[in-house]
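The values are calculated or read from the model by the stated rules, or taken from the named source; none is laboratory data. Computed from a predicted model, the values in this text were never measured in an experiment. All Cβ positions, even for glycine, are placed from backbone atoms using ideal geometry, and neighbour counts span all protein chains on display. For the accessible areas, the whole protein counts, side chains as well, though only heavy atoms, and no ligand, DNA or RNA atoms are used. Shrake-Rupley method; radii C 1.70, N 1.55, O 1.52, S 1.80 Å.
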Amino acid sequence: MSTPTVVLLHGFLGFSRWGPIEQFRGVEKALVRKNIKPLIPEVPGAGTIAERAETLANKLFRGRAPVFALVAHSMGGLDARYLISHLDPDRRVKSLLTVSTPHRGSPLAQWFLEAKGPVPAWIRHIGTPALAELTPVACETMQIPDRPDAAYSSYASCRPLEELPFWLRPYGKVMREDNDGMVPVASAGWGKFRGTLRADHIELLGWSLALPDRQSARPFNHRQFWIEAAHQAIAAAEGKES
């Protein structure tokens, strides 16, 4: 089998690149140094899961790469699951590794839909219609069956409330369970669970919005993590994983 092409997928309101700013900060260069040339496609940040998945399918499958290993952050994991189930008739995607994906939804999404104030109103304005698909009820009723020939695995992430950046703490409190400021740990497991990372949701991407602190292992070593995640996704796609 050909070497799988690694694809990094962004989440809700995410992007691939804005000018010099990369959502996956410095990750592409880090992977290239390890002889992995990833694709980092952009999909509609506030689109529905189906819309985002269709855009992703159009970008991936118009090329000649025969095998894909997907590595997804946050909502990108839901897009990937939809694509694998409904939009990959040739079964070119062999593995999916999700990182802090709200597979069972996030109470924070429901809170943003209902809460008063300028910030929730702004998130509703820029986040519709995707936001409504990220609630626990929406994810519970979503019909995205796993494909038996694809390998699914996942990571969660978490920081105690006192370790979250000040702007994430109010949202961490909303969930009242272990979380990374946006997604509960209990929602992030899918397929083979690989563990819980000590990082907040944005820190996973290399954007550590709090002061460095050795005791709390901040900042998270995101480049090394995505290198390891890419290797794990490749191994799973090649059927070499134990």
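For segment 115-126, indicate whether the set of residues that are of a type outside the set (G, A, S), over 25 Å from A233 (Cα atoms) and either touching a residue at least 12 places away in the same chain (Cβ under 8 Å) or touching a Cys at 6+ places or on another chain (Cβ under 9 Å) (or both) is non-empty. The answer is yes; a qualifying residue exists. With respect to the stated conditions, A210 fails to be of a type in the set (G, A, S) and either modelled with pLDDT of 95 or more or crowded, with 23+ Cβ neighbours inside 10 Å (or both). Listed here are the strands (runs of 3 or more DSSP E) enclosed by segment 1-101 that have at least 2 residues being under 15 Å from A237 (Cβ atoms), modelled with pLDDT of 95 or more and of a type outside the set (A, V, I, L, M): 93-99.
For every residue, the table says whether it meets (1) at pLDDT 95 or above; (2) surrounded by fewer than 15 Cβ atoms within 10 Å (Cβ to Cβ); (3) within 16 Å of S100 (Cβ to Cβ).
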site: C139; (1), (2), (3): yes, no, yes
site: Y152; (1), (2), (3): yes, no, yes
site: E177; (1), (2), (3): yes, yes, yes
site: A188; (1), (2), (3): yes, no, yes
site: G206; (1), (2), (3): yes, no, yes
site: R223; (1), (2), (3): yes, no, no
site: H231; (1), (2), (3): yes, no, no
site: E241; (1), (2), (3): no, yes, no
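Reported count of residues in segment 119-139, each being part of a loop (DSSP other than H, G, I, E, B) and of a type in the set (V, I, T), is 2. Within segment 49-70, the residues that satisfy the criterion of being over 17 Å from L204 (Cβ atoms), surrounded by 17 or more Cβ atoms within 10 Å (Cβ to Cβ) and touching a residue at least 24 places away in the same chain (Cβ under 8 Å) are I49, R52, A53, E54, L56, A57, L60, F61, V67, F68, A69.
Just one of V99, V93 is β-branched (V, I, T), more than 10 Å from the chain's Cα centre (by Cα) and open to solvent by less than 10 Å² (accessible area, probe 1.4 Å); which is it?
Just one listed residue meets the conditions, V93.
Just to be sure, is A237 buried (at least 20 other Cβ atoms within 10 Å of the Cβ) and over 16 Å from the mean Cα position of the chain (by Cα)? Step through it out loud before you land on a result.
On the way: buried (at least 20 other Cβ atoms within 10 Å of the Cβ): yes; over 16 Å from the mean Cα position of the chain (by Cα): yes.
Criteria met by A237.
So, L197, is that one modelled with pLDDT of 95 or more, open to solvent by 10 Å² or more (accessible area, probe 1.4 Å) and aliphatic (A, V, I, L, M) or not? So L197 passes the test.
Name every residue in segment 5-30 that is open to solvent by 50 Å² or more (accessible area, probe 1.4 Å) and aliphatic (A, V, I, L, M), in order of residue number. Answer for segment 5-30, where residues must be open to solvent by 50 Å² or more (accessible area, probe 1.4 Å) and aliphatic (A, V, I, L, M): L13, I21.
I'd like to verify a number: residues in segment 41-86 that are of a type in the set (V, I, T), within 14 Å of the chain's Cα centre (by Cα) and more than 26 Å from V185 (Cβ to Cβ), how many? Lay out the reasoning, then the answer.
Residues of segment 41-86 of a type in the set (V, I, T): 43, 48-49, 55, 67, 71, 84.
Subsequent filtering for residues that are within 14 Å of the chain's Cα centre (by Cα) retains 43, 49, 71.
Next cut, more than 26 Å from V185 (Cβ to Cβ) only: none.
So the answer is 0.
Beta carbons closer than 9 Å, at least 6 apart along the sequence or on distinct chains, pair a first residue in segment 194-215 that is basic (K, R) with a second that is in a loop (DSSP other than H, G, I, E, B) for R198/R159; R198/S216; R198/A217; R198/F220.
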